[in-house]
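*Asks:* Take a look at this one; I'll ask things after.
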Amino acid sequence: MKTKGASKPKVNLVTLGCSKNLVDSEVIMTQLKGNGISVAHEADGNENNIVIINTCGFIDNAKQESIDTILKYTEAKENGLIEKVYVTGCLSQRYRDDLEDEIPNVDAWFGTMELPMLLKKFKADYKHELIGERVTTTSRHYAYLKISEGCDRPCSFCAIPIMRGKHVSKPIEQIITEAKNLAKNGVKELLLIAQDSTYYGLDIYKKRNFAELLDQLSDVEGIEWIRLHYAFPSGFPEDILEVMARKPKICNYLDIPLQHASTNMLEIMRRGTTMARTEKLLANIRAKVPGIAIRTTMLVGHPGETEEDFQELMDFVERNRFERLGVFAYSHEEGTHAGQMKDDVPQKVKDTRANELMELQEQISLELNDAKVGKTYKTLIDRKESGYFIGRTEFDSPEVDNEVLIDAKEHYLKIGDFADIEIIEAREFDLIGVPAKQN
Ligand code: SF4
């Protein structure tokens with residue numbers, strides 16, 4: 001459909017990257033809607049005449065995906081299908097100067113903290129009264145809740161501090177208000193996210209205040225599950241474990257990216273911890289929150305990683321049997337500390353190590369899932385797909401963890417509701433279940 005001359009802005013917002021970027025997109029949508037501007041999230045077709053692309057600039061693949069998306073929409077503009085293309089987010093924050101020259105057909109570029117300037121393009125103002133309100137793009141029953149922005153950590157491989165700046169915690173009152181508004185809109189599960197959630201409060205309260213935040217969030221009516229993401233191993237505030245054990249709304253789940261295990265690599269990666277301290281922390285977490293599911297992320301192929309280091313990592317993963325584990329192959333990022341080192345692990349070796357670690361995890365995950373057969377779990381039903389109702393237990397975060405599949409031909413379940421599901425079969429990364437018999 002040729003749209004030349006169409007003037008009333010109808011925005012299509014496209015989000016790339018992580019859940020933190022998704023929350024930023026939701027805030028942009030809330031502000032546009034608050035100014036009476038029509039906006040859709042990742043709409044198909046070209047009904048919209050203005051496209052905003054919220055980009056990711058984390059590692060090579062993500063950067064390439066962002067650039068491909070920008071080129072797709074600048075081409076649509078050249079073909080007269082849309083009128084304007086605006087780019088924001090991490091890639092724009094990090095490479096704006098170069099990109100302005102390389103892709104001149106973009107109407108304007110914005111950094112990660114420049115929402116008011118983006119709104120100006122629509123003759124719209126930043127509405128402070130909307131802070132704490134948020135249009136969400138996830139299923140109605142769960143939402144991400146960003147508790148801080150930026151990061152003060154020096155991890156060698158990471159470009160996030162370059163794009164997101166220093167750590168800034170949101171005041172507790174603001175987070176509680178946001179949680180209450182989300183609950184009013186039907187949200188039952190809050191996924192707490194940050195670059196480093198365990199750093200919460202050190203800047204504005206001069207102490208680690210995550211435990212206090214969790215305590216107050218647990219009292220928000222309507223919220224049934226609170227899930228912790230992006231904890232950091234060194235300086236881990238163990239007082240949160242007491243709150244997790246005491247407050248049933250806080251899922252027995254902890255996402256704590258460790259990135260590596262060999263003390264040599266933890267030093268090179270500037271992670272501020274050792275293998276021994278990490279194992280001690282994991283033992284404390286499991287002792288203080290029995291039955292907890294621990295999710296972690298490992299990075300293989302970092303400059304300096306030897307075959308011995310990798311073997312230590314494999315043994316560590318075998319020993320600690322994480323319920324959930326993701327693996328990344330190192331990406332050489334200019335501007336990072338490691339970016340000045342020699343990228344001395346060949347790509348083939350990086351990929352081989354990543355595959356080997358995932359194969360080990362597949363086996364561990366199957367064994368852990370096998371142990372769930374015959375047991376019943378409170379399950380949040382997310383969607384219906386390919387003849388199944390698909391849900392998650394408290395041990396599973398959306399999009400990254402295991403799912404529970406229930407045959408939709410045999411059973412009916414309500415999306416957005418909790419159901420007690422008895423597990424009848426286990427797979428590497430999924431479970432098959434049936435509604436538990438009501439006594
Ligand atoms: S904690 Fe480390 S890896 Fe995570 S965002 Fe901060 S610098 Fe990056």
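*Asks:* Mind checking which residues of the stretch 3-38 are over 20 Å from the mean Cα position of the chain (by Cα), closer than 26 Å to PHE58 by Cα and in a strand (DSSP E or B)?
*Replies:* Of everything in the stretch 3-38, those that are over 20 Å from the mean Cα position of the chain (by Cα), closer than 26 Å to PHE58 by Cα and in a strand (DSSP E or B) turn out to be VAL11, ASN12.
*Asks:* Within the stretch 136-143, identify whether any single residue is modelled with pLDDT of 95 or more and not in a loop (DSSP other than H, G, I, E, B), and answer yes or no.
*Replies:* yes
*Asks:* For LEU190, only one of the following conditions fails: (1) within 25 Å of PHE58 (Cα to Cα); (2) within 16 Å of the ligand (Cβ to nearest atom); (3) not polar (S, T, N, Q). What is its number?
*Replies:* Unmet condition: (2).
*Asks:* Could I ask something else about it? Conditions: (1) under 20 Å from the mean Cα position of the chain (by Cα); (2) under 30 Å from LEU299 (Cβ atoms). ILE364 meets all but one. Number of the miss?
*Replies:* (1)
*Asks:* Turning to a different aspect of this structure: Among the residues of the stretch 156-178, which ones are of a type outside the set (Lys, Arg), outside any strand (DSSP E or B) and closer than 22 Å to LYS207 by Cα?
*Replies:* Passing the criteria: PRO161, GLY165, HIS167, PRO171, ILE172, GLU173, GLN174, ILE175, ILE176, THR177.
*Asks:* Any residue at all in the stretch 145-155 that's at negative phi and assigned to a helix (DSSP H, G or I)? Walk me through it before giving the result.
*Replies:* Taking the stretch 145-155 as the starting set, the residues that turn out to be at negative phi are 145-149, 151-155.
Next, from what is left, pick out any that are assigned to a helix (DSSP H, G or I): none.
No, there is no match, as no residue in the stretch 145-155 is at negative phi and assigned to a helix (DSSP H, G or I).
*Asks:* List the residue pairs whose Cβ atoms are under 8 Å apart, where the first residue sits in the stretch 154-171 and is under 20 Å from PRO233 (Cβ atoms), the second is open to solvent by 30 Å² or more (accessible area, probe 1.4 Å) and of a type in the set (Ser, Thr, Tyr), and the two are 6 or more positions apart or on different chains.
*Replies:* HIS167/TYR199; SER169/TYR199; SER169/TYR205
*Asks:* Scan the stretch 234-265 residue by residue and report those that are within 12 Å of the ligand (Cβ to nearest atom), surrounded by 21 or more Cβ atoms within 10 Å (Cβ to Cβ) and more than 20 Å from PHE395 (Cβ to Cβ).
*Replies:* Within the stretch 234-265, GLN259, HIS260 meet the criteria.
*Asks:* Now, a different point. Could you say whether any residue in the stretch 213-225 is open to solvent by less than 50 Å² (accessible area, probe 1.4 Å), closer than 19 Å to THR296 by Cβ, under 18 Å from the mean Cα position of the chain (by Cα) and at pLDDT 95 or above?
*Replies:* Checked against the condition, which is being open to solvent by less than 50 Å² (accessible area, probe 1.4 Å), closer than 19 Å to THR296 by Cβ, under 18 Å from the mean Cα position of the chain (by Cα) and at pLDDT 95 or above, the stretch 213-225 yields no hits at all.
*Asks:* Is it true that GLY335 is loosely packed, with under 15 Cβ neighbours inside 10 Å and touching a helix residue (DSSP H, G or I) at 6+ places or on another chain (Cβ under 6 Å)?
*Replies:* Judged against the criteria, GLY335 is a match.
*Asks:* Considering the stretch 381-396 alone, what residues qualify as being closer than 19 Å to GLU224 by Cβ and in contact with an Asp or Glu (Cβ under 7 Å, 6 or more places away or on another chain)? Full working, then the answer.
*Replies:* From the stretch 381-396, those closer than 19 Å to GLU224 by Cβ are 381-383, 389-396; that's our starting set.
Hits for the stretch 381-396 are ILE381, ILE390, GLY391, ARG392, PHE395, ASP396.
*Asks:* Condition first: in contact (Cβ under 8 Å) with a residue 24 or more places away in the chain and surrounded by fewer than 17 Cβ atoms within 10 Å (Cβ to Cβ). Now tell me which residues in the stretch 400-415 satisfy that. Talk me through it step by step, then tell me what you get.
*Replies:* Narrowing the stretch 400-415 to residues in contact (Cβ under 8 Å) with a residue 24 or more places away in the chain: 400-408, 410-411, 413-415.
Result: VAL400, ASP407, ALA408, GLU410, HIS411, LYS414, ILE415.
*Asks:* Now, a different point. Would you pick out the residues in the stretch 273-301 that are in contact with a helix residue (DSSP H, G or I) (Cβ under 8 Å, 6 or more places away or on another chain), small (Gly, Ala, Ser) and either surrounded by fewer than 19 Cβ atoms within 10 Å (Cβ to Cβ) or within 17 Å of ASN252 (Cβ to Cβ) (or both)?
*Replies:* ALA276
*Asks:* Of the numbered conditions (1) within 16 Å of the ligand (Cβ to nearest atom); (2) of a type in the set (D, E, K, R); (3) open to solvent by 10 Å² or more (accessible area, probe 1.4 Å); (4) within 21 Å of the chain's Cα centre (by Cα), ASP203 satisfies every one except a single condition; which is it?
*Replies:* (4)
*Asks:* Here is a further query. Would you mention how many residues in the stretch 145-186 are within 16 Å of the ligand (Cβ to nearest atom) and either open to solvent by 40 Å² or more (accessible area, probe 1.4 Å) or closer than 17 Å to PRO257 by Cβ (or both)?
*Replies:* Step one: list which residues in the stretch 145-186 are within 16 Å of the ligand (Cβ to nearest atom), which gives 146-169.
Applying the additional criterion that residues be either open to solvent by 40 Å² or more (accessible area, probe 1.4 Å) or closer than 17 Å to PRO257 by Cβ (or both) yields 146-148, 150-162, 164, 166-168.
The number of residues fulfilling the criteria is 20.
*Asks:* What pairs come out if I take residues in the stretch 257-281 that are under 19 Å from HIS229 (Cβ atoms) and pair them with residues that are of a type in the set (D, E, K, R) and within 14 Å of the ligand (Cβ to nearest atom) whose C-beta lies under 7 Å away, six or more apart or interchain?
*Replies:* GLN259/ARG271
*Asks:* When you check ILE364 against the structure, is it at pLDDT 95 or above, closer than 26 Å to PRO248 by Cβ and not acidic (Asp, Glu), yes or no?
*Replies:* Working: at pLDDT 95 or above: yes; closer than 26 Å to PRO248 by Cβ: no; not acidic (Asp, Glu): yes.
So ILE364 fails the test.
*Asks:* Right, next: Suppose the filter is more than 17 Å from the chain's Cα centre (by Cα) and in contact (Cβ under 8 Å) with a residue 12 or more places away in the chain; does ILE193 pass it?
*Replies:* No.
The values are calculated or read from the model by the stated rules, or taken from the named source; none is laboratory data. No experiment lies behind these values; they were computed from the predicted model shown. Glycine gets a Cβ as well: all are built from the backbone with ideal geometry, and neighbour counts include every protein chain shown. SASA here: full protein model, heavy atoms, side chains in, ligands and nucleic acids out. Shrake-Rupley method; radii C 1.70, N 1.55, O 1.52, S 1.80 Å.
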